[in-house]
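Taking it in order: structure first as C-alpha cells, then the write-up.
The values are calculated or read from the model by the stated rules, or taken from the named source; none is laboratory data. Worth saying up front: this structure is predicted, and the values here are computed from it rather than measured. Counting neighbours? That spans all protein chains shown, and the Cβs are built from the backbone with ideal geometry, glycine included. Just so you know, the surface numbers come from the protein's heavy atoms only, side chains and all, with ligands and any DNA or RNA stripped out. Shrake-Rupley method; radii C 1.70, N 1.55, O 1.52, S 1.80 Å.
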Amino acid sequence: MERIQMPQKLQMNTTSVSDARCINCSRQLVIKDNREFCFYCEVIAPEDKKISAEVSEWVKNREINELLASFKENSLMNRDLEQATFDNYEPQNESQKSALVQAKEYVKEFDKTSGIVFQGRPGLGKSHLAAAISKEVIQKKYTSIFISLPRLMTELQATYNKNSQTTELELLKALQKVDLLILDDLGVERTQKEDNGFTWAKRKIYEIVDSRIGQATIYTTNFSGKELLQMYGERDFSRIVQNCQAIKLDGSNYRLQAFK
C-alpha cells in the first residue's frame, strides 16, 4: 500500500529529530515549532486506518455489488417503482399516512436488525414504500436489495443453467450478507399451479430467511397473517416475522380508480 508523502511545509519546518520515542509505536519523535510529536501516529496512521476501512467495506460488499452487476439493468425493481420516493407517495387514508410515517421512522432508526411486513390489498402502495425505504437506506451508505419473490425464484432457477455466470451459492450468499433485503409479494409464489413448484420455492425462501436471522428484512404481501401462516406453516412463518413489525394498509386499489 502506497504511503503518503510528508507534506512539503512540514518537511521545511521540521528542524530536528528528538532523542525521545513515541510511547505508542516506539518510533523516534520529531520536533516542529518546539513541539515533539510522532509523525507516524499523527499523520500516517490515521490515513492508513481510513484506507483500511475503505478496503474492508469494499470486500464486505463485493458479493452484493457483483450480484447487482450480474443482473440486467433495472431487473430488480419494476419500472413503476424506479421513481418511488417518500415525497411522491400520496396516502389516501389514515392507515396509509401512518404507514408513511412508520416507514420514514424505520429509515431514521435503521439498525440492520429489525424488519417490516407491509400487509394489505394490491394497489395501496406497499411496494412503493418498501422501494423508497431501500433508496433511503442506500443513501445512508448501507447495502440494500429490492426484488420480488417471483423474480427471485426465476433468478435462482436461472443459476441452474450451465451457462449462468452466477451460481446459486453466490446469489444466496449475497442475499444473506446485504444490510437490508426487501422481498416483494410474499405469498405470490403459492399461486403456482404445480404444488411441487411451490414446495421448491418455499424451501428456498426458508433458506434465505433462516440465513438472515438477526438481520433486517422487509416483506410486502397481499395476504393476511392467518393466510401466510397456513401457507408456510408455523415454523417458517415464525422465522419470517421474527423481529418484524406489521404495518397494515387499508383502502381502495389506486390502480383501478380511473376505471370506476
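Taking a spot 7 Å from the Cα of residue 95 along the direction of its beta carbon, which residues of region 111-152 have an amide N less than 16 Å from it?
Zone members listed by number: 117-129.
Mind checking the full-extension length gain between residue 243 and residue 17? Use 0.36 nm per residue of separation minus the Cα-Cα distance, one decimal, nm.
Values: separation 226, 0.36 × 226 = 81.36 nm, distance 5.80 nm.
Answer, rounded to one decimal: 75.6 nm.
Using a 1.4 Å probe on the protein chains only, how many percent of the accessible area of region 140-252 belongs to carbon and sulfur?
On the way: 2660 of 5730 Å².
That fraction is 46 percent.
Cβ neighbours within 10 Å, averaged per peptide: list 206-219, 20-33, 170-183 in order, most packed at the top.
On the way: 206-219: 18.1, 20-33: 13.3, 170-183: 21.1.
So the order, starting with the most tightly packed, is 170-183, 206-219, 20-33.
Would you mind computing, in nm to one decimal, how far apart the modelled labels at residue 167 and residue 229 are, each placed 7 Å from Cα along Cα→Cβ?
4.0 nm
Under a Cβ-only charge scheme (Lys and Arg +1, Asp and Glu -1), can you give me the dipole magnitude of region 85-136 about the Cα centre, in debye to the nearest 20? Walk me through the intermediate numbers first.
Numbers: 7 positive and 7 negative charges, 32 e Å.
Value, rounded to 20: 160 debye.
Under a 5 Å amide H to amide H cut-off, with H placed in plane at 1.01 Å, what residues pair with residue 187 once short-range neighbours are removed?
Long-range HN contacts for residue 187: none found.
For Cα pairs less than 8 Å apart in space and 6+ apart in sequence, what is the mean separation divided by the residue count of region 84-157, i.e. the relative contact order in percent?
Values: 42 pairs, mean separation 26.9, N = 74.
Normalised by residue count, the contact order of region 84-157 is 36 percent.
Taking the solvent-accessible surface of protein heavy atoms with a 1.4 Å probe, what is the per residue accessible area of region 93-179 in Å²? Walk me through the numbers on the way to the answer.
On the way: 4130 Å² over 87 residues.
I get 47 Å² per residue for this part.
Filter 50/173; 49/173; 49/162; 135/248; 126/162 down to the pairs with a C-alpha to C-alpha distance above 32 Å, please.
On the way: 50/173 27 Å; 49/173 28 Å; 49/162 42 Å; 135/248 21 Å; 126/162 36 Å.
As for pairs spanning more than 32 Å Cα to Cα, those are 49/162; 126/162.
Starting from the Cα-Cα distance between residue 49 and residue 206, subtract it from 0.36 nm times their residue separation and give me the gain in nm to one decimal. Please list the in-between numbers first.
Details: separation 157, 0.36 × 157 = 56.52 nm, distance 3.88 nm.
In short, 52.6 nm is gained.
Give the shape of region 107-152 as rounded, prolate or oblate, defined through the alpha-carbon gyration tensor: a ≥ b ≥ c are the square roots of its eigenvalues, a/c under 1.5 means rounded, and otherwise the shape is prolate if a/b is larger than b/c and oblate if not.
Working: a/c = 1.92, a/b = 1.54, b/c = 1.24.
Note, shape of region 107-152 comes out prolate.
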